[in-house]
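To start, the structure under review is shown below, and the notes come after it.
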Amino acid sequence: MSNRSFTLSRRRFLLSAAAIGAATLASTSVVSKALAAPLKLEKDVVKLGFIKLTDMAPLAIALEKGFFDDEGLQVSLEAQANWKVLLDRVITGELDGSHMLAGQPIGATIGFGTQAEVITPLSMDLNGNGITVSNAIWAEMKKHLKTGADGKPEHPISAAALKPVIDGLKAEGKSFKMGMVFPVSTHNYELRYWLAAGGVHPGFYSAENVSGQILAEALLSVTPPPQMPATMEAGTIMGYCVGEPWNQAAVFKGIGVPVITDDEIWKNNPEKVFGVTKKWAEENPNTLLAITKAMIRACMWLDEGDGKNRAEAVKILSKSEYVGADPQVIANSMTGTFEYEKGDKRPVPDFNVFFKYFATYPFYSDAVWYLTQMRRWGQIGEAKTDAWYDETAKKVYRPDIYVKAAELLVAEGKAKKEDFPFGSDGYKPVDNGFMDKVPYDGKKPNAYIDSLKIGLKGAQKVVGNAVEG
């Protein structure tokens, strides 16, 4: 527990004092009313999970800066071994909620892997991932890259430079292997998108074969984030897609080179979410609102004043109970820069976004994009209607809860109305921020799937080791 945590009796005393003080104010403003009537929590002691990645920051900051305390919550944060264990513990109730991959609540709800109704009222961040390859692979890729006047590779780097390297390995009877963190992870879909955009087939899934390696030119497999650098150094994999600080760790160790960030693959893509079971949300609606409020405030703090608080955030995240990595490694990306090849440090101001660009709002169109990728690679085995994508997104992503939390923060004077996309229908405009310039319209998912060069289309499905239909 943080040393900023209070006992429940102390917390209740403070809340009562705040309520009494507010009640005596002569003003009848909304702010006074909000302070006089704190949320009646169904559960004020909660345990929340996370994986040791820098994008768990909203949880750590909400605890360390007292935002959970302000809501009358006694929160403990607990690091989890991997994404599967994390999800299972939320489903069984061992955790009240958790930092999750954006695709996890969606995958669970449609029954890919684990079947459970999981919802998200909040997106925790945008961007934050990278793709790293080993030094040996990088040396071969560089032969196929253009360089600028400074002699450094031009960015963004396409997987087209990787294809001849893979072909060369194949000619030697070798397979090209890469790691990603989970089958329904953002990393899996970003890595697949990058590979496919460069003409490299990342493989299909089927009901009978969930390896994701059917017809694959690059063999992708699951590796827990903290183990990525060591697994690559051992030669088990030749590259990986992961969140920070594990790309920068490869640079610091001198074992690999990050070739592209996910912001270069898909500008301002949604990354992690906060997830709870639907049942827990229904049983603890005010507690969920309170958690959401505190996390929104943490995200605001993280992006405040063009990142003026990031140095402090780095110190907090480097603690062993949170990310536990070298502060220099965390700061390399958290403070607006990113180091590719050793010594090639470039400004990437939006590598980690926590509140700007309405980052915390759980847009339906984000959920639909992940569903399109599940269909594209065979995790959804049959064609679905556009209406199905919309209905499924609305089961999982809950902007209605988010909006209630945002309204309370505005009423309390802790946020401004313009900070939130009030009135949104949950769908972003057509997105042209992908590296291959293919536009994405969340309201027309099937047309989008059909516009992508590699992957399942229309009524196609994977049967055995072939695509039919």
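The values are calculated or read from the model by the stated rules, or taken from the named source; none is laboratory data. Bear in mind the structure is a predicted one, so any value in this text is a computation, not a measurement. Don't worry about glycine lacking a Cβ; one is built from the backbone with ideal geometry, like all the others, and counts go over all protein chains shown. Heavy atoms of the whole protein, side chains included, go into the accessibility calculation; ligands, DNA and RNA do not. Shrake-Rupley method; radii C 1.70, N 1.55, O 1.52, S 1.80 Å.
In terms of the Cα gyration tensor, with a ≥ b ≥ c the square roots of its eigenvalues, is region 263-311 rounded because a/c is under 1.5, prolate because a/b exceeds b/c, or oblate?
oblate
Points 7 angstrom from Cα along the Cβ direction at Ala234 and Ser424: gap in nanometres?
In this crude label model, Ala234 to Ser424 measures out at 4.1 nm.
Sort all Cα-Cα distances of the chain into consecutive 10 angstrom bins from zero, then give the percent of pairs in each bin up to the one containing the longest distance.
So the P(r) values, bin by bin, are 4, 21, 31, 26, 13, 5, 1, 0, 0.
Averaged per residue, what accessible area in Å² does the chain show with a 1.4 Å probe, protein chains only?
Spelled out: the 1.4 Å probe surface of the chain, per residue, equals 39 Å².
Rounded if a/c is under 1.5, else prolate if a/b is larger than b/c, else oblate: which is region 307-407, with a ≥ b ≥ c the root eigenvalues of its Cα gyration tensor?
Prolate, since a/c reaches 1.5 and a/b exceeds b/c.
Using the 2.2 N^0.38 Å rule of thumb for compact globular proteins, work out how region 126-277 stacks up: its C-alpha Rg over that value, please.
1.01
Per Stokes-Einstein, at 10 °C and 1.306 mPa s, what whole-number D in µm² s⁻¹ belongs to region 391-469, with the Kirkwood radius over Cα pairs as the hydrodynamic radius?
Approximately 99 µm²/s, per Stokes-Einstein.
Can you give the angle from 0 to 90° between the axis of helix 285-303 and the longest principal axis of the chain, with both taken from C-alpha atoms, to the nearest 10?
Around 70 degrees separate the two axes.
Stretched out fully, how many nm does the piece from Asp400 to Lys253 gain, at 0.36 nm a residue minus the Cα gap?
Stretched out fully, the Asp400 to Lys253 stretch lengthens by 48.4 nm.
For the chain, find the longest principal axis of its Cα atoms and tell me its angle to the long axis of helix 186-197, 0 to 90°, nearest 10.
Helix 186-197 and the main axis of the chain meet at about 30 degrees.
State the percentage of accessible surface on the chain attributable to carbon and sulfur atoms; use a 1.4 Å probe and exclude ligands, DNA and RNA.
That share works out to 54 percent.
Round to the nearest 0.05 the FRET efficiency obtained for Glu283 and Lys345 when R0 = 56 Å and r is the Cβ-Cβ distance.
0.70
Give me the angle, in degrees from 0 to 90, between the Cα long axis of helix 386-396 and the longest principal axis of the Cα atoms of the chain, rounded to the nearest 10.
Its long axis makes an angle of about 50 degrees.
Quick check for you: which residues of region 182-224 have the amide N under 17 Å from the point 7 Å beyond the Cα of Val463 toward its beta carbon?
Answer for region 182-224: 205-209, 215.
Around Thr287, with a cut-off of 10 angstrom between Cβ atoms, what is the net charge of the other residues, counting Lys and Arg +1 and Asp and Glu -1?
The answer is -3.
Which links in Lys170/Lys461; Lys356/Lys414; Lys293/Lys443; Lys315/Lys414; Lys152/Lys437 stretch past 19 Å when you go from one Cα to the other?
Check vs 19 Å cut-off fails for Lys170/Lys461; Lys293/Lys443; Lys315/Lys414; Lys152/Lys437.
Just to confirm my numbers, what's the Cα centroid distance between region 227-245 and region 331-395 in Å?
Cα centroid of region 227-245 versus Cα centroid of region 331-395: 21 Å apart.
Could you give the length gained on full extension between Lys315 and Glu42, defined as 0.36 nm per residue of separation minus the Cα-Cα distance, in nm?
That works out to 94.9 nm of additional length.
Going by a ≥ b ≥ c, the root eigenvalues of the Cα gyration tensor, does region 291-335 fall in the rounded group (a/c under 1.5), the prolate group (a/b larger than b/c) or the oblate group?
Taking the square roots of the gyration eigenvalues as a ≥ b ≥ c, region 291-335 is oblate.
Report the full-extension gain for the segment Asn135 to Ala171: residue separation times 0.36 nm, less the Cα-Cα distance, to one decimal in nm.
That pair, Asn135 and Ala171, stretches by 10.9 nm at full extension.
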